[in-house]
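Each remark here refers to the structure printed beneath this line.
The values are calculated or read from the model by the stated rules, or taken from the named source; none is laboratory data. Computed from a predicted structure; not experimentally measured. Cβ sites come from the backbone with ideal geometry, for glycine too, and all protein chains shown count toward neighbours. SASA here: full protein model, heavy atoms, side chains in, ligands and nucleic acids out. Shrake-Rupley method; radii C 1.70, N 1.55, O 1.52, S 1.80 Å.
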Amino acid sequence: MHEVPVTPVDPLRLREHIGDERADALERLCREARDRFAGRTVWNVNSTATGGGVAEMLAQLVAYGLGAGVDTRWAVIDGDAAFFAITKRIHNRLHGGAGDKSPLGEVERTAYEETTERAAGELRARVRKNDVMILHDPQTAGLIAPMKEAGARTVWRCHVGSDTSNEHTEEAWAFLRPYVEHADHLVFSRPQHVPDWVDKERVTIVAPAIDPFSTKNQPMDDDTVLAILVRAGIIDADPPAARPVYTRGNGSEAEVGRRAEMIHDGSFPTVDDRFVVQVSRWDRLKDMSGVLRGFAEHVVGEPGIDNGGGTTRLLLVGPSVAGVSDDPEGLEVLDECIELYRSLPDETRARILLISLPMTDVDENAAMVNAIQRRASIVVQKSLAEGFGLTVAEAMWKARPVIGSAVGGIRDQLIDGETGVLLPDPTDLAAFGAAVTRLLKDPDAATQCGKAAQERVRENFLPDRQLTDWAHVLDTGA
Ligand code: UDP
């Protein structure tokens, strides 16, 4: 187990984005939280410091919690390959899929508990009576009972779930229920994700939020965007006058230096090209291969998708597969995409790039994602299942038109035809292709949609709303 160092950030810096009324309310909230948690620690525990939405959100919550004057910490538990294979299986089944089709029985329970018991032992040495433990996702459910025994208040925060139950969700919940039942309070992203047997009085729904100041979302002018994409090797152009700079989470300035790993056929994008982009982990439920196929079969070859001399290309972007320690599926999924890519006709392949971003420096990775999202003409998130889908809010905040599947939290973010396009059936590749083609041909509609998207995020998905929800959870449940 290790603690992730986080630089405190004053929540009131949000004032410029949320206005005085919301900022004043936030100031009062921080004052109350400081009094309430004096002498106590609010712990967040998960299983990876990098890669994916949970790590992204913890960086934000812990920084603002510290900035508010509450001793907020982030601990990451270790696990071996067997543990992460089991927790990935649970994750996939909570989303309604079969995953690797292997069992979730007593053998798996024993292996799971070996890791959670060891982690509980390590945490027990640091946690004091009356501390609050916010335990994130299935990897930490086994810590609930031991942490309660140690005198802490426990909140289990589940970021995943399916809108409907089936045999797979039932199986995953049967595995988790003996742990989760002990929690003082439970938090889910959507009411549909709460299993029937949970006492609803102990549940709060908290939708995630994005931080407009994080390296991932901070403002970036067009020249800097181009400089970053050229430095990362994604766009082929002479080095621009601007430097590929960004601001780190700790406030210091840095430059992008590393190159992305790319699967391409030798023709690099130029400054005139337009990009259709999906950014996600290489996870089957994100359906990168479906995006590839949908673009290849239903967008390439459509008249009018190129404009101004440039070429419209698909960029599938994910973290370098070595970089996300709790996700054993990454390499397999990337390999499947590469195989599919290689099977495409030459002229189609020339329009598609598979990009893995280095994870050695998470801030640099975030700056690359920021630049790619800002440079996108259209962002897609064609997930088959989704807890919330932070990538959607990130793109919306950057005023990008987003086409997303009508699954999980994407449905809470995109209002079809207003703040984005919702695909009722994520497996309908023709409908996906038609939506992409329509927006490519109608830049005015795309711009309009992007503007409305940004306002929707300002209203609903910025950190003050999330901090307020968490204050409520801690008031009632902790
Ligand atoms: N992400 C990233 N680098 C990458 C790919 C993804 O930082 O190379 C981030 C992405 O920007 C988002 C998070 O990982 O912040 C994914 O969160 P989301 O809620 O969309 O999905 P999850 O991975 O949690 O299922």
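See the values below:
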item	result
Accessible area of the stretch 1-122 belonging to carbon and sulfur atoms, whole % at 1.4 Å probe	51 percent
Relative contact order %, the stretch 388-450, counting alpha carbon pairs below 8 Å whose residues are six or more apart	35 percent
With Cα atoms, 0 to 90° folded angle of helix 362-375 axis to the chain main axis	40 degrees
Percent of Cα pairs exceeding the 20 Å cut-off, where the set is the stretch 333-478	58 percent
Computed lengthening from D10 to R438, 0.36 nm per intervening residue step minus Cα-Cα distance	149.8 nm
For the stretch 401-470: accessible area per residue (Å², 1.4 Å)	40 Å²
Residue-normalised accessible area of the stretch 252-382, given per residue in Å² at a 1.4 Å probe	37 Å²
Overall form of the stretch 407-478 per C-alpha gyration tensor (a/c, 1.5; a/b vs b/c)	oblate
Percent of C-alpha pairs per 10 Å bin, the stretch 141-208, short to long	21, 54, 23, 2
Nitroxide proxy distance, nm - points 7 Å out along Cα→Cβ at E201 and D78	4.2 nm
Rounded percent of accessible protein surface that carbon and sulfur make up, the stretch 210-267, 1.4 Å probe	43 percent
Helix-derived mean residue ellipticity, 222 nm - over the chain, DSSP H n ≥ 4, -39500 (n - 2.57), to 500	-13000 deg cm²/dmol
Peptides ranked, highest mean first, by Cβ atoms within 10 Å: ranges 1-13, 126-138	126-138, 1-13
Theoretical gain in end-to-end length, E149 to A111 [0.36 nm per residue, Cα-Cα removed]	11.5 nm
Most to least packed among 196-207, 463-474 [average Cβ atoms within 10 Å]	463-474, 196-207
Full-stretch length increase - A38, I263 - with 0.36 nm per residue and alpha-carbon distance subtracted	75.8 nm
Accessible surface, 1.4 Å probe, highest first, among residues K101, K451, K286	K101, K451, K286
Nearest 10 degrees, 0 to 90: helix 463-477 Cα axis against the chain principal axis	20 degrees
Computed Kirkwood radius, in angstrom, where 1/r is averaged over Cα pairs of the stretch 89-235	17.6 Å
Contact order normalised by residue count of the chain, Cα under 8 Å, 6+ apart, percent	16 percent
On Cα atoms only, tilt of 429-441 relative to the major axis of the chain in degrees	60 degrees
Cβ-defined net charge surrounding K200, 15 Å radius [Lys, Arg +1; Asp, Glu -1]	-3
Accessible area per residue, Å², the stretch 71-193 with all protein chains present, probe 1.4 Å	38 Å²
Shape of the stretch 234-336, Cα gyration tensor, a/c cut at 1.5	oblate
Percent RCO, i.e. relative contact order, over the stretch 223-365, from Cα pairs under 8 Å lying at least 6 residues apart	28 percent
Amide H contacts of N44 (H built 1.01 Å from N, under 5 Å, at least 5 apart or other chain)	R73, W74, A75, I134
Cα gyration tensor category, rounded, prolate or oblate, for the stretch 1-79 with a/c compared to 1.5	oblate
